[in-house]
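Read through the structure below, which is laid out as structure tokens, and then see the notes.
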Amino acid sequence: MLEALSTLELTPFVLSFKLAGLTTIILFILCLPFAWWLSQTSSKSKPIFEAITALPLVLPPSVLGFYILVILSHNSPVGAFFDEYFGIKLVFNFSGLVIASCFYSLPFMVQPLQSGFASINKNMLEASYIAGKSKTQTVFRVALPNMKPAVMTAIIVSFAHTVGEFGVVLMLGGSIPGETKVASVAIYEMVEIMDYTNAHIYSAIMLLISFSVLLSVYIFNQKTKAIGQFR
Amino acid sequence: MIKIDIKKELFGSQKDMLLNINLEIKQGEFLALSGVSGSGKTTLLRVLAGFEDAQGGISVDDEIWLDAKTTLAPQKRAIGFVFQDYALFNNMSVLQNLLFVKKDKTLASHLLSITELSELKDRHPNTLSGGQKQRVALCRAMMGQPKLLLMDEPLSALDSKMRTKLQSEILVLHKEFKTTVIMVSHDPSEIYRLASRVVVLEQGIIINEGKPKDILLKTSGSQKFSFSGELLDIKKVDVIFIAIVAIGQQLVEVVITQDEAKNLNIGDRVELSTKAFTPMIHCTKPAK
């Protein structure tokens with residue numbers, strides 16, 4: 001066991017967290033205006049966008065992975081375009097994984113942000129407009145600071161969910177060591193070759209990290225709520 | 001001079017109606033908007049603030065806020081708005097709430113001293129009482145030195161003592177800044193104390209307007225005084241009947257005859273009036 005620990009290959013973990021970190025940052029930037037729009041609009045098309053956003057929650061990762069693979073492969077117009085003009089291949093490499101993860105974790109970023117924005121007192125936003133502040137200024141200076149738990153939940157859960165991704169990664173990235181072989185895929189392969197010792201170690205590490213991340217979110221949210229009540 | 005001539009379809013909870021307001025307000029005037037809920041008062045304020053669209057026109061001095069072609073954004077209208085629920089920025093201190101509107105520390109500390117909030121300037125809104133919050137909201141609304149101050153039932157969530165205190169502060173601010181004010185209020189004493197003119201809305205149109213004294217003091221007949229209230233209970237004590245009536249916050253007992261007791265039902269709206277020594281009680285609106 002000790003021997004196994006000393007020779008532990010950490011690259012899959014590094015890859016997992018790099019992937020999750022990048023995905024979270026990209027999603028946060030892209031989803032912020034989208035979630036704001038969803039929370040404020042009364043447009044008839046809103047349910048359509050909400051349904052599309054929630055799709056990754058219900059679709060099997062293999063279905064999601066399959067379609068992303070079809071769309072991004074160099075046989076498709078999108079894949080061909082990127083290959084031809086930028087020389088970037090979008091499948092079976094790390095950038096393909098990031099794109100796929102952004103779809104996979106989309107609802108986990110959009111939904112908490114949307115409900116956070118929706119929970120902000122509308123009059124507070126209007127008071128900011130009257131103070132001459134634009135919508136962007138209002139979002140950053142009034143809305144976001146008053147919905148810290150929602151922002152925290154969105155970021156942490158998106159991150160954790162991407163770390164826990166398996167099916168989509170397998171469909172889209174294969175298992176290229178140092179490129180697309182993330183922790184979850186590594187564990188799968190260890191079990192396949194019956195290397196239970198390392199599978200145990202990897203799984204335990206994943207379990208521990210995931211639990212502490214979630215625990216810290218709930219502790220943070222409880223504290224923020226308590227401050228809100230007693231301040 | 002503020003000229004308002006607007007029309008807006010409203011889809012109310014009971015029935016749809018047309019808000020149709022034609023109103024001129026002089027510079028420095030303190031106008032009270034009164035009327036039952038659902039009569040369009042709040043919508044009128046929101047249209048003036050630019051939160052909601054309407055047909056027609058609004059012009060303030062030489063500036064056009066609304067006409068067929070243009071709708072000026074709320075950011076560009078020189079208004080202050082005091083919401084019923086304060087709507088303070090909870091992430092900022094009292095002083096920061098004021099400076100968010102305009103970075104003018106002299107004005108901010110002046111406003112805070114008028115409203116006796118100077119000592120609380122570093123506190124966060126969550127730690128303040130309702131009355132203190134509404135004073136902060138009032139200061140914040142005045143920070144932009146607005147041409148028009150809109151207040152939507154600003155004092156209705158406060159107790160009567162706090163209300164009186166804030167009414168005085170509103171008067172002080174109004175005198176000092178000479179801001180034109182439109183205030184939605186249901187409280188006759190508040191309207192009487194603050195407003196120079198009252199406009200009564202019903203079903204989206206103005207049904208009455210004038211000086212508060214003329215509109216609010218409506219006595220009919222030759223009663224010396226009369227109060228309207230709700231009949232809570234009728235008790236039989238020996239041979240007499242005692243009616244318990246709620247008038248505002250106060251409960252009173254009135255001796256009534258057996259005939260009166262028969263004709264009144266618990267829950268009725270009643271009017272209690274007296275001529276000389278004998279108080280009279282009669283039903284103004286049956287419960288059923």
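Quick look at the numbers
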| item | result |
| --- | --- |
| Tilt relative to chain B, helix B:160-177 - C-alpha long axis, 0 to 90 degrees, to 10 | 40 degrees |
| Top positive-direction residue, dipole computed over the protein assembly as shown with Cβ charges, set B:ALA78, A:SER175, A:CYS31 | B:ALA78 |
| Pairwise centroid distance, computed over Cα atoms, of the range B:96-139 with the range B:147-163, Å | 16 Å |
| Contact order normalised by residue count of chain A, Cα under 8 Å, 6+ apart, percent | 29 percent |
| Karplus (6.51, -1.76, 1.60) ³J(HN,Hα), θ = phi - 60°, over the range A:159-164, in Hz, Gly and Pro reported as x | 4, 4, 5, 5, 4, x |
| Amide N proximity, the range A:159-174 versus A:TYR188 label position 7 Å along Cα-to-Cβ, cut-off under 13 Å | A:164-174 |
| Count of Lys pairs (Cα-Cα under 25 Å; at least 8 positions apart or interchain) in chain A | 18 |
| Angle in degrees between helix A:106-119 and the longest Cα principal axis of chain A, rounded to the nearest 10 | 20 degrees |
| Candidates B:ASN265, B:ASN208, B:ASN91: whichever shows maximal mean-square fluctuation once chain B is modelled as a Gaussian network with Cα springs under 10 Å | B:ASN265 |
| Gain in span if fully extended, A:SER203 to A:GLU50, counting 0.36 nm per residue against the direct Cα distance | 51.7 nm |
| GNM result for chain A, Cα springs below 10 Å: residue of A:ILE209, A:ILE71, A:ILE130 fluctuating most strongly | A:ILE130 |
| Folded to 0 to 90 degrees: helix A:94-104 orientation relative to chain A principal axis, Cα | 50 degrees |
| Spatial separation of Cα centroids for the range B:1-45 and the range A:173-223, in angstrom | 62 Å |
| Calculated FRET value between A:ALA118 and A:LEU215, using beta carbons and R₀ = 25 Å, to 0.05 | 0.40 |
| Residue-by-residue Karplus 3J(HN,Hα) for the range B:107-120, coefficients 6.51, -1.76, 1.60, Hz, glycine and proline x | 4, 4, 6, 5, 4, 5, 6, 4, 8, 6, 10, 3, 6, 9 |
| Computed E for B:GLU230/B:LYS161 - FRET, C-beta separation, R0 22 angstrom, nearest 0.05 | 0.40 |
| Relative contact order, percent, the range B:225-285 [alpha-carbon distance under 8 Å, six or more residues apart] | 34 percent |
| For the range B:60-203: lysine pairs under 20 Å (alpha-carbon distance), excluding those fewer than 8 apart on one chain | 19 |
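Just so you know, all these numbers are worked out from the coordinates, no wet-lab data involved. As the structure is a prediction and not an experimental result, all values here were calculated from the model. As a convention, Cβ positions derive from the backbone with ideal geometry for all residues, glycine included, and neighbour counts pool all protein chains shown.
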